[in-house]
Each structure stands twice: as C-alpha cells, then as structure tokens.
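Quick notes on the structure that follows.
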Amino acid sequence: RLRSDNYNWDELRFPPEEMQYLDIHKDSLHVHQTLQINYTSYDLQRGRDSIKPYLEFKPSKIVSNNAPRCHIMLSAREGEAADGTQTAHSFWYAQVLAIFHVMARDRLGSSSEHRRIDLVWVRWLGLEQESQGSFKAKRLQKVGFPYALLADPDALAAFGFVDPADILRGAHLIPSFAQGRRHDLFGMEVRSAVQPPDGDYQYFSVNQFVDRDMAMRYRGGGVGH
C-alpha cells in the first residue's frame, strides 16, 4: 500500500531483501481490541459487524482471547458464474488473530513522512473439498485450518495480513463438533499461542443464513450486490 500497488493476500509480492526499505516509526506496533466493519446490505441499508481478535497481547506474553466474533470473509476474486450467481469459491475466510496499525514509510519513496497503515493479522481457513456445500446440495460449506508446521517452507501460507478495507463482513462459522478436534496443525513453537490447549476444530460450517443480507450474498441477485 505504501507503493500503491495491487496485492493478493496469499502471494508474497516483495522478496525478503526489500524489507530493509520498510521504515516503521519507532519500531512500534499499536494494538486494537475491536474492528468495526461497515457494509451495505442487499436492500441498500447500512450495517456494521464488530470483530474481536482471537489473541490478547499482555505485557509478558500473548494469550488466547477465545473471542467468539473473530472470523471474517473476503471476496475470493475468483468465482462468479456466467449467470451472476455466486460459486463455491466466491469468498475466503479467516480467523482474526490481531488488529493493529503502524506508522510506516518506504525508504525508496519520495516522502519522508510516516503514513498510518491499518493491518489485520489473520489465520486462513481453506474450503473442505470432499463435501462441497451449495444450495443445490442442501449442505453448508465447510472450512478448516491448513497445516502450519514450521519445518514446512509453505507454513507462512497459513497466516497473512489483510487491509481492513478488504473485509466484506464478519463470518459466522459453526464448529463441526461431531468431527472432533486436532492437535497436529502446528509445531510446538507456536501451538501454545495460537492453538487452543484442547486443539482446533477440524472443520467449521459456514452459516450463510445468519441474516438476510448474508443469505443474499450467497444466493446472488440482491439490489446491493
């Protein structure tokens, strides 16, 4: 954003050696406890979702806040059918780990002033491919956390940073209690901070009927969408 370039959340656009040109004022990270997402509903009314981060930053450690309203949805930019209806891959889902802003500048840029950059640190959820949910199948979509073992070079793909302006709404994800939990998604280095002591739920069902606006986002055809 400092260079006004387009970006994709799941792509590492700049190589590590270019990070030296990022200047963060006083190396400070400003943490926020709530994120308000304003949106326009299908019938052109104003709406707002309140997002709480999953992690809580204490002076000596980072602990799980276990916030129930920590999931968000974003446009996948990859899935609208020819008739305008939403496909199975129209949205991406993520768990909000932390909300913060930094004052930053690009050392290669023309400005010497620091600019406020708002960031949301997320843990991505991926679609469960074996049981695709849809209106036709009369089944909710299911999502789950990908593996994030630190020994895996692709481990960083399980986490990311997004611009709050790109968040469509808060998502209502229902744990699939019958399918249990799992403890093998992380190495021991990060499990205590990000993963609950009793493990992550293996899958979540995406509640696309939590309200009228949400249902119309999946069905398509709403005035405001």
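Observations, loosely collected:
- Of the peptides 65-75, 37-47, 16-26, the order by per-residue mean of other Cβ atoms within 10 Å, starting with the highest, comes out as 65-75, 37-47, 16-26.
- Listed by Cβ neighbour count within 10 Å, with the fewest neighbours leading, His172, His30 appear as His30, His172.
- In this label model, Thr34 and Val63 are separated by 2.2 nm, measuring between points 7 Å along each Cα→Cβ vector.
- Between Glu130 and Tyr21, the modelled labels are 4.6 nm apart [label points 7 Å from Cα along Cα→Cβ].
- Net charge, Gln129 excluded, C-beta distance under 14 Å - Lys, Arg +1, Asp, Glu -1: 0
- Residue by residue, the stretch 56-61 carries 3J(HN,Hα) couplings of 10, 8, 9, x, 10, 6 Hz when phi is fed to the Karplus relation 6.51 cos²θ - 1.76 cosθ + 1.60 (θ = phi - 60°); x denotes Gly or Pro.
Read the figures in this text as sums done on the coordinates, not as results from a lab. None of these values were measured; they are calculated from a predicted model. Backbone-built Cβ (ideal geometry, glycine too); neighbour counts: all protein chains shown.
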